[in-house]
1. What number of residues in region 215-231 are of a type in the set (Lys, Arg) and closer than 24 Å to ALA421 by Cβ?
2. So which residues in region 23-43 are buried (at least 21 other Cβ atoms within 10 Å of the Cβ) and not in a loop (DSSP other than H, G, I, E, B)?
3. Would you tally the residues in region 329-350 being closer than 10 Å to ALA276 by Cβ, under 18 Å from the mean Cα position of the chain (by Cα) and within 16 Å of the ligand (Cβ to nearest atom)?
4. Inspect region 75-98 for any residue being in a loop (DSSP other than H, G, I, E, B), within 16 Å of the ligand (Cβ to nearest atom) and not small (Gly, Ala, Ser) and give the result as yes or no.
5. Counting only residues that are more than 16 Å from the ligand (Cβ to nearest atom), assigned to a loop (DSSP other than H, G, I, E, B) and in contact with a strand residue (DSSP E or B) (Cβ under 7 Å, 6 or more places away or on another chain), how many does region 223-240 have?
6. Residues VAL116, VAL135: which one is more than 16 Å from the ligand (Cβ to nearest atom), at pLDDT 95 or above and part of a helix (DSSP H, G or I)?
7. Which condition from (1) modelled with pLDDT of 95 or more; (2) within 16 Å of the ligand (Cβ to nearest atom); (3) touching a Leu at 6+ places or on another chain (Cβ under 7 Å) is the one that PHE374 breaks?
8. Residue by residue through region 1-60, note down the ones that are within 26 Å of the chain's Cα centre (by Cα) and hydroxyl-bearing (Ser, Thr, Tyr).
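The values are calculated or read from the model by the stated rules, or taken from the named source; none is laboratory data. Bear in mind the structure is a predicted one, so any value in this text is a computation, not a measurement. In this analysis, Cβ positions are derived from the backbone assuming ideal geometry, glycine residues included, and neighbour counts consider all displayed protein chains.
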Amino acid sequence: VVTPFFSAQTRRANDPDIKKILIPQCTKHPAVFVALFENYGLESALLPRSTDKDLTLARRYTNGEECLPFIQNIQDFLEYAENNPSFKEDGAVLFQGWACGPCRYGLYAPTQSLIVNRAGYGPQKILAVKSEDLVKRFGPEFFIAAFDGNLAIDILYKLLHRTRPYEVNEGTADRLFDECCEEVYEVMRHQRCRWPSILAGNHLRPLEKLLAQAADRFASIPITEGQLRPRIMLAGEFYVRLDERCNKGIIRQIEAAGGEVSLAPATEFFIYTAYANYRRAQKEYALQKSAKGYFNQSGYAAINWLAHRDEHRLEKAAARLLQGLEEPGAREIREHSAKYIPEHTAGEPPMTVGRTGALARRAGMAGAIFVGPFTCMPASVVEAQQGSLSREIGIPIISVFYDGRDNTNRDEFIHSLVFQAKQKLQSRADNDFGWTQGTQGGHKGTVLLCQSSMPGRIN
Ligand code: SF4
């Protein structure tokens, strides 16, 4: 018996034969890429989201030991292929990220390509997206526009999470959020960034204007005043924390239990990576001086500066509602994570631990939830450190894991964390004259604020 051979080869973004790119929609971020591809003359569309909670097609080709984001993506891919017979021949490819490193992410694209091929839809149907290929094909301006568009979506999510738990008329904040995201896509569809404008930061003006107006519109949504809601930091594995199908709607769960979510943004990964690359280039140059090392270091310094500048500018534009809720800088994140996670460890662990440490003493922060797919390596590293971190920063922390199935114990665990955080916030209000009810970021009386700064205070 001859075993059939199935190729696991993937496509690259600079391949001119690609006719159309289909992008999975885990959140509102991927539509930024669709709009930008359209802007640069390449047909693209969002892949329909599978509504099959049992992930039936994916389970047929996986053994349950794979990461949940991998399984969710392959479900979306196979369902699309099954519903669109032309997919086999129409030159369309399915978008999948790629990164090198110790965890399994680098295997997603080739393994999915193998599965799609084995399922009968042909070889090389997966596009393994590498930043250098995008830069080669469209120029670095494309990449900068994608970063800024995603930053804008992150900030709209913050406005949504800042407002929705308090709204009087259910659904108002969600509708406004959808409208504002469409406005971001419109900018991405038509604006081409040029270098002089990028360097001066002028290319950010349309997004700044849009976000300032969005903050005003969210601030005008009628809200119930005087609620005591703890802020719960939600961090952990990138895909599970962002895709509500994978995390079983954890943000709405926290809101329903009486909390307000501070979600680690999608762009955190790019900003922290830019900083980590810069630090590594700096160290290499310090060890061995060379012209190449100097240019390397200068290049990464420029990327790091640009990433932080754009984040700062766009956050400032939405300051009416988000003042005090700005993201910590990558350096601050590293400083807070250093004693738990070695600096050379890239990826989620330093970001999850460092962001939580950096934000813990901000107003209203009273709990943290780290999410991860079942058997996720970085999430397990973070879970191992959460007890020490919780003792240091004085707030309750839990880790919850997802395998694609419902789990009432997990739901109860989340509910208990929000309850504990609420008690923590209440006891601060009762015991500490420095905490009082007041205004925060444009909404009145919705959280408890720290009036005095208390250096070194452990809650
Ligand atoms: S971060 Fe976790 S879920 Fe993502 S690829 Fe790595 S091991 Fe899998």
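1. Number satisfying all stated conditions: 2.
2. If the condition is that a residue be buried (at least 21 other Cβ atoms within 10 Å of the Cβ) and not in a loop (DSSP other than H, G, I, E, B), then ILE23, PRO24, ALA31, VAL32, PHE33, VAL34, ALA35, LEU36, PHE37 are the ones that fit.
3. 3
4. Scanning region 75-98 turns up at least one residue that is in a loop (DSSP other than H, G, I, E, B), within 16 Å of the ligand (Cβ to nearest atom) and not small (Gly, Ala, Ser).
5. 6
6. On the way: VAL135 fails: at pLDDT 95 or above.
Answer to the check: VAL116.
7. Of (1) modelled with pLDDT of 95 or more; (2) within 16 Å of the ligand (Cβ to nearest atom); (3) touching a Leu at 6+ places or on another chain (Cβ under 7 Å), only one is false for PHE374: (1).
8. Listed by number, the residues that qualify are THR10, THR27, TYR40, SER44, SER50, THR51.
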